[in-house]
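Here the structure comes first, spelled out in structure tokens, and everything after it is commentary.
A short reminder: the numbers here are calculations on the coordinates, not readings from a lab. Keep in mind the model is a prediction, meaning the values are calculated, not measured. Don't worry about glycine lacking a Cβ; one is built from the backbone with ideal geometry, like all the others, and counts go over all protein chains shown.
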Amino acid sequence: MFGQERLEKQLLFKHKEKQSLEEAARFFENVAAKLRENGECSFIQDDEEVSLRPAKNVTYEIEYTQKGKKHSFEFELEWIEGDDSEDPKLRIR
């Protein structure tokens with residue numbers, strides 16, 4: 001990688017909690033509502049608070065995997081700071 005600086009990944013926040021499906025769904029609905037209404041969402045754990053302020057344009061990824069009896073369904077949002085341009089959407093006529 002000539003002329004490119006390699007940036008190290010930094011873990012800013014991590015949380016794992018066992019809940020009922022209803023509670024987990026309500027949590028994600030809450031996150032979605034905050035992002036939709038305010039463009040940001042804060043997570044507070046003990047004395048630690050982390051705020052997410054995604055750019056207007058995000059990339060989302062959904063992944064469903066299975067290993068034996070264990071299933072995993074993950075949501076991921078990615079964005080580049082300052083990417084607030086309005087990208088044209090694909091239209092079909």
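Computed over the chain with a Gaussian network model linking Cα atoms closer than 10 Å, the most mobile of Lys67, Lys16, Lys56 is Lys67. Building the convex hull from the alpha-carbon atoms of the chain and averaging its projection over directions returns 11.3 nm².
Would you kindly give the portion of the calculated P(r) for region 35-81 that falls above 12 Å, as a percent of all Cα pairs? That tail contains 72 percent of the Cα-Cα pairs. Between Glu81, Glu40, Glu17, the residue with the greatest mean-square fluctuation in the GNM of the chain (Cα pairs under 10 Å linked by springs) is Glu17. Helix 21-38 axis versus longest C-alpha principal axis of the chain: approximately 30°, rounded to the nearest ten.
Taking the Cα centre as origin and putting +1 on Lys and Arg beta-carbons and -1 on Asp and Glu beta-carbons, what dipole magnitude results for region 21-78, to the nearest 20 debye?
320
In region 1-84, taking the dipole from charged Cβ atoms about the Cα centre, the farthest positive-side position among Phe13, His71, Val31 is held by His71. Sites listed here are chymotrypsin sites (Phe, Trp or Tyr not before Pro) in region 1-81 whose DSSP assignment is loop and whose Cβ has at most 10 other Cβ atoms within 10 Å: Phe2.
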